[in-house]
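**Student:** I have a structure I would like to understand better, so I am pasting it below and will then ask my questions one at a time.
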Amino acid sequence: MLPLSSPSRQRTLATAAAVATVAISLLPRGHAHEHHHDGPADNSVPVDSILWIHIAVQSFTWFLLFPLVMVLGLIRHRLHVPLAAASMALTVAGYFLGHAHGGRSFPHTAHGSMASFLVFYLSAQTFLGVYLKLHLQWRPEKWIRPTLVFIHGFLGKSFPVVGWVQMVFGITTLQSWCFGGHLGQCLAHYIMGSAFQAYAAILLIMMKVGGAWLERRGQSQEWFDSWVIMLWGIVNTFTEHHGGPWTHKDLQHTLMGVLWWAGGAVGIWLSRGGRRNVFPAIIILLTGWAMSAHEQALMISTKVHSLFGYSLMAAGITRMIEVCFVLKDRPTGTTDGAETDAAPSHGWYPIRAFQYLPPYLLVASGVLFMSATDEELRWAHGKGVDHATWGLIDFSVSMIIFLWMNVLLDLFISYGGMYGAAKANRSSARSGDREGSAASRSQYARLSLGQSRLQADGPIGGSRRDPATPEAHQMNGLPSLKKRGSPHLDGDDDDDEPRHVLFDQEDDDPFEEKDDGDDDADEESGLDGRRPRIRL
């Protein structure tokens, strides 16, 4: 590790500062281009090819690349850095393409404002990543680094959410939707629809990864679900009526808020002590029933709302079946006694095929609800699209979203979870693989894992257990906790089960730099002077 005052390190920092200065100096030029005005967009003017390229590049980057980069960062994969750099480059290129197009012009919108914000957002994330990668040795480092690691991790995990919001803003800008009196309806549909998809992602995570996290807290999934439902219901109860005479829609929406906070309170009470219940699913079922009977001005709008309601009702029903009859009130991830000693061949928890239905139906419900605003369906009606065609488009989009959720989560699982790839790199370096150790040093060697915590407490988040007590969970084809005294936990064995916990993980650098003066020996060992920092 070079000292802070070394010439090469100073040149690196000076180059980074120069690049940042040039990038910031270009911002005003792009922000004030002539395609922004105060009036509405003229949709009769066609969209030119440059703007379509902008849409394609940004959609690919924010929907596919950035979520993938986030997962690669969580597992400390060596491709995280090059893919992050490529994503940043594509985003910057797409940003300037969005200001260089001809044809249709657009008013100032949230999409344009957020694009300017994202420039600084991405610049901050890049700066933090470069700083943490340099591993500078200076006195304040031990205080500054933990804070920067937390901020870098928080920003990285927020990329899928930020990208989703910006893509929704982009669609509304392209079609000139949500202006004037339509803003309230757009917010209601887009926020609630996105919430259903976020709920689906959480159910998938808990189903595949989060069982042990819930077990350590002594809570069931329904306890957390019920709190969110109750708080959301309180907000809806007091925000759905905006003055004036009450309409049947105002009354329905307000009563739906009452239903949510009352049902959420029931769910919280019945979830005490980690018990499972079906009241969050009942709330979803009743919400779907109400929306299926929600009459609209256009027939296509009424039909699409009915389709959304049926999908949401199906999500609630399948969730109740999963809790009561598939899992039989047991926590997510537990197995029958006959399966305790024989791990499933597919790894992680033995997931039943039926368990994928509730999260998928929630994704489909979210997409249907987001596509059910008055403006969208009037546009579809004007194009001669009926409710069946519109529904098929929505279900196709929901399949793609659900597929990508599972791909990202299974990628995280296949590498053993948090720091999984870093651990594999360290194992390769210790086995004498010079090529592997060189690649490891170039990216994430200094983020490998020590085994002392496993020796002390078993896998992360685990606790000391009785030697005769087997673990009921299955992870990656192995019992998640072996009996005390197992040879797999003795010594510094890299072949024990990976640490795959997604929650309660310290998102910090597991290695700290130490200079013991024996650089030649360190280089020969493939560790390049780095030692694991033991966390007890």
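The values are calculated or read from the model by the stated rules, or taken from the named source; none is laboratory data. From a predicted model like this one, the values you see are computed outputs, not experimental measurements. With ideal geometry, Cβ positions are generated from the backbone for all residues, glycine too; neighbour counts draw on all protein chains shown.
**Student:** Just wondering, is there one or more residues in segment 203-221 that are of a type in the set (Phe, Trp, Tyr) and at pLDDT 95 or above?
**Tutor:** Within segment 203-221, the first condition is being of a type in the set (Phe, Trp, Tyr), and the residues that meet it are 213.
Going one step further and asking which of them are at pLDDT 95 or above, we end up with none.
Looking through segment 203-221, none of the residues is of a type in the set (Phe, Trp, Tyr) and at pLDDT 95 or above.
**Student:** Now for a different question. Any chance segment 274-286 includes a residue that's in a helix (DSSP H, G or I) and among the charged types (D, E, K, R)? Reasoning before the result, please.
**Tutor:** Looking only at segment 274-286, we keep the residues that are in a helix (DSSP H, G or I), and these are 274, 279-286.
The next check asks that each one be among the charged types (D, E, K, R); those that pass are none.
The answer is no, given that none of the residues of segment 274-286 is in a helix (DSSP H, G or I) and among the charged types (D, E, K, R).
**Student:** Can you name every residue in segment 269-284 that is aliphatic (A, V, I, L, M) and buried (at least 19 other Cβ atoms within 10 Å of the Cβ)? Spell out the reasoning first.
**Tutor:** Within segment 269-284, the first condition is being aliphatic (A, V, I, L, M), and the residues that meet it are 270, 278, 281-284.
Listed by number, the residues that qualify are Val278, Ala281, Ile283, Ile284.
**Student:** Just give me the residues in segment 135-146 being over 29 Å from the mean Cα position of the chain (by Cα) and of a type in the set (Val, Ile, Thr), in sequence order.
**Tutor:** Across segment 135-146, there are no qualifying residues.
**Student:** Hey, Trp246 hits all of (1) touching a Gly at 6+ places or on another chain (Cβ under 9 Å); (2) without any contact (Cβ under 8 Å) to a residue 40 or more places away in the chain; (3) surrounded by fewer than 19 Cβ atoms within 10 Å (Cβ to Cβ) but one; which does it fall short on?
**Tutor:** Just one mismatch for Trp246, condition (1).
**Student:** Next question. Checking the conditions here, which among Leu392, Leu368, Leu361 is out of contact with any helix residue (DSSP H, G or I) (no Cβ under 9 Å at 6 or more places or on another chain), modelled with pLDDT of 95 or more and in a helix (DSSP H, G or I)? Walk me through how you get there before you give the answer.
**Tutor:** On the way: Leu368 fails: out of contact with any helix residue (DSSP H, G or I) (no Cβ under 9 Å at 6 or more places or on another chain); Leu361 fails: out of contact with any helix residue (DSSP H, G or I) (no Cβ under 9 Å at 6 or more places or on another chain).
The match here is Leu392.
**Student:** For Gly170, state whether it is over 14 Å from the mean Cα position of the chain (by Cα), at pLDDT below 95, in a helix (DSSP H, G or I) and not assigned by TED's automatic domain parsing to the domain that holds Val92. Give the steps one after another, and end with the answer.
**Tutor:** Numbers: over 14 Å from the mean Cα position of the chain (by Cα): yes; at pLDDT below 95: yes; in a helix (DSSP H, G or I): yes; not assigned by TED's automatic domain parsing to the domain that holds Val92: no.
No.
**Student:** Taking the stated definitions as given, is Leu132 within 22 Å of the chain's Cα centre (by Cα) and part of a helix (DSSP H, G or I)? Explain how you work it out, then say what you get.
**Tutor:** Working: within 22 Å of the chain's Cα centre (by Cα): no; part of a helix (DSSP H, G or I): yes.
Against the criterion (within 22 Å of the chain's Cα centre (by Cα) and part of a helix (DSSP H, G or I)), Leu132 does not qualify.
**Student:** Could you run through segment 105-129 and say how many residues are surrounded by 13 or more Cβ atoms within 10 Å (Cβ to Cβ), over 23 Å from the mean Cα position of the chain (by Cα) and of a type outside the set (Gly, Ala, Ser)?
**Tutor:** Number of matching residues: 3.
**Student:** Among the listed residues Leu187, Leu231, identify the single one that is without any contact (Cβ under 8 Å) to a residue 12 or more places away in the chain and over 15 Å from the mean Cα position of the chain (by Cα).
**Tutor:** After ruling out the rest, the residue left standing is Leu187.
**Student:** Hey, any hits in segment 212-226 for a residue that's part of a helix (DSSP H, G or I) and either touching a strand residue (DSSP E or B) at 6+ places or on another chain (Cβ under 7 Å) or under 30 Å from Leu51 (Cβ atoms) (or both)? Before you say what the answer is, go through the steps one by one.
**Tutor:** In the first step, residues of segment 212-226 are kept if they are part of a helix (DSSP H, G or I); the result is 212-217, 221-226.
So of that shortlist, the ones also either touching a strand residue (DSSP E or B) at 6+ places or on another chain (Cβ under 7 Å) or under 30 Å from Leu51 (Cβ atoms) (or both) come out as none.
The answer is no, given that none of the residues of segment 212-226 is part of a helix (DSSP H, G or I) and either touching a strand residue (DSSP E or B) at 6+ places or on another chain (Cβ under 7 Å) or under 30 Å from Leu51 (Cβ atoms) (or both).
**Student:** Anything in segment 146-161 that is touching a helix residue (DSSP H, G or I) at 6+ places or on another chain (Cβ under 7 Å) and of a type outside the set (Phe, Trp, Tyr)? List them, or say none. Write out each step before concluding.
**Tutor:** Looking only at segment 146-161, we keep the residues that are touching a helix residue (DSSP H, G or I) at 6+ places or on another chain (Cβ under 7 Å), and these are 148-149, 151-152, 155-157, 159-160.
Passing the criteria: Leu148, Val149, Ile151, His152, Leu155, Gly156, Lys157, Pro160.
**Student:** Right, something else. Residue check: is Ala388 more than 26 Å from the chain's Cα centre (by Cα) and buried (at least 20 other Cβ atoms within 10 Å of the Cβ)? So that I can check it myself, show each step before the final result.
**Tutor:** Values: more than 26 Å from the chain's Cα centre (by Cα): yes; buried (at least 20 other Cβ atoms within 10 Å of the Cβ): no.
Against the criterion (more than 26 Å from the chain's Cα centre (by Cα) and buried (at least 20 other Cβ atoms within 10 Å of the Cβ)), Ala388 does not qualify.
**Student:** Counting just the residues of segment 130-154 that are crowded, with 17+ Cβ neighbours inside 10 Å and either among the basic types (Lys, Arg) or farther than 18 Å from Val69 by Cβ (or both), which one comes out modelled with the highest pLDDT?
**Tutor:** It comes out as Arg145.
**Student:** Here's something else I'd like to know. Can you name the residue in segment 287-324 that is outside any helix (DSSP H, G or I) and among the small types (Gly, Ala, Ser) and, of all such residues, is farthest from Ala200 (Cα to Cα)? Lay out the reasoning, then the answer.
**Tutor:** Step one: filter segment 287-324 for residues outside any helix (DSSP H, G or I), giving 293-298.
Of the ones still in play, those that are also among the small types (Gly, Ala, Ser) are 293, 297.
Values: Ala293: 24, Ala297: 30 Å.
Top of the filtered list is Ala297.
**Student:** Looking at segment 112-129, which of its residues are under 23 Å from Met70 (Cα atoms) and in contact (Cβ under 8 Å) with a residue 60 or more places away in the chain? Please lay out each step first, then the result.
**Tutor:** First, the residues of segment 112-129 that are under 23 Å from Met70 (Cα atoms): 114-129.
Within segment 112-129, Ser116, Val119, Ser123, Phe127 meet the criteria.
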